[in-house]
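Worksheet: the structure to be examined is printed underneath.
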Amino acid sequence: MFNNLTKKISDIFEKISYQGYLKKKTIKETLNQVKIALLEADVSLIVIKKFLKQIKIKISNSHINKNFSPSQNLIKIVLKELIKIMGEKHNPLNLLPNKLTICTIIGQQGAGKTTSVGKLAYLLAEKYKKKVLVVSIDIYRPAAILQLKKLILQTKAIFFPSQVTQKTIKIAEMAVKEAKKKNYDVLLIDTAGRLHTDQLKIKELKKIQNHIKPEETLFVVDSMIGQDAVHSIKKFNKKFKLSGIILTKLDSDTRGGVALSIRELTNQPIKYIGTGEKIYDLQIFHPKRIAKRILGMGDVLSLIKDIKNKIKDKELYKLTKTTKKGNNFNLNDFLTQIKQIKKIGSINTLIKKLPKNIIPSNLILNDINETSFIKIEAMINSMTEKEKKFPSIIKASRKIRISNGSGNTIQDINNYLKKFEQMKRIMKQIKKNKRNKIFENIKDYLIKLK
């Protein structure tokens, strides 16, 4: 997500990071480069112009913080304005206390609507511990009902059955009645994909909306269609009173810049973003975290949440200990970390959320997969305790013995030892850089458990 934009923006600010004084010409050139990067990411020109105008005003009016370098002051201003154009704060789902919350999910065909309904059901049931009922009223695509049913089986939510032979409004009525009768907290209604020009389907959905009066109407839009997403939101908002947006396929990084344009151009908040194909790959949209990620500051808070949610307490304690070792980080620690990181998703997932200033430029860790993990484990298990603790002693003769014992080639062993050295460098940076207290923030959580 935003990988291309993050790299470009990070490179732009890296060039001025060591300058003790920023001339007006340098600031102008820097902002012009930022403009080009945003245009290439498909951010709306209207939004970019307003964004840059506000930055220039802030630069001329700002009181310079003496604790920051000139480039840090500029980045601070850019960060604030990025957050502002995306909405400043996140907008959670309007869940009614002690009452059923009805939420209809609408959108065009192919936007990932049904998948998003399954992911939202998972999020509400897992994160918020809500009792969730889900129903499909997409009678025009029989596979949609079956698809949603399969998705809901992966969650703690309950699927309410429907048939293509039933009337859509009747299905909705029955689902609402069931949800109220059995005291569900949330009812998610998956509707048929439709274009704003499809008058019959629009009229049908309006009738349903007026009848069941949902608290939330979320519009699912594909980020890969770029600025066309803005036009779709505007058109649907005229016909339905939207309460928020689910932006899908942001993991593609193709035209993700639309996320920076939506709030400013449509006045609709992005509530959730789809970041992958798994059932848990739906995130609450936090403008501040997204802005920090774009500027290469990482997304440490969501990384911490991933770690807390997916790693058991005992294992979490072990993981936290390994990050504090710095130069003493050894192959046993490397094995522990790979095991735990795999539970978060992948090493690549972790790397993307770390601040850029602690990531080696020639990183080769992100290609570690299930197969290479098995090979690494076999390699480490074929070593002596001394070799595990002091990998620098592993020379040619030792590598031959480890190769014979683990089934790895000498080339594999050299490759994995390089990966270990890079992980060690990252651990050293995390320990040294006090601003990046990634695992330190879990301390309070661990203390509470004891």
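The values are calculated or read from the model by the stated rules, or taken from the named source; none is laboratory data. All values derive from a computational prediction rather than experimental measurement. Every residue, glycine as well, gets a Cβ built from its backbone with ideal geometry; the counts of neighbours run over all protein chains shown.
Return the residue satisfying two criteria in turn: it lies in the range 121-131 and is in contact with a strand residue (DSSP E or B) (Cβ under 6 Å, 6 or more places away or on another chain) and part of a helix (DSSP H, G or I), and of such residues it is surrounded by the most Cβ atoms within 10 Å (Cβ to Cβ).
A121
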Considering the range 44-60, residues that are within 14 Å of N32 (Cα to Cα) and either in a loop (DSSP other than H, G, I, E, B) or basic (K, R) (or both), and then whichever is modelled with the lowest pLDDT, we arrive at K56
N309 vs (1) modelled with pLDDT under 75; (2) more than 15 Å from the chain's Cα centre (by Cα): all pass except (2)
Residues of the range 80-93 being in a loop (DSSP other than H, G, I, E, B) and either among the hydrophobic types (A, V, I, L, M, F, W, C) or in contact with a Ser or Thr (Cβ under 7 Å, 6 or more places away or on another chain) (or both), in sequence order, are L93
Within the range 91-109, residues being at pLDDT below 90, outside the structural domain of A121 (by TED's automatic domain parsing) and surrounded by 18 or more Cβ atoms within 10 Å (Cβ to Cβ) number 1
Counting only residues in the range 85-122 that are charged (D, E, K, R) and touching a residue at least 40 places away in the same chain (Cβ under 8 Å), the one nearest to I245 (Cα to Cα) is identified as K113
Matching residues in the range 395-408 (polar (S, T, N, Q) and within 18 Å of L331 (Cα to Cα)) number 3
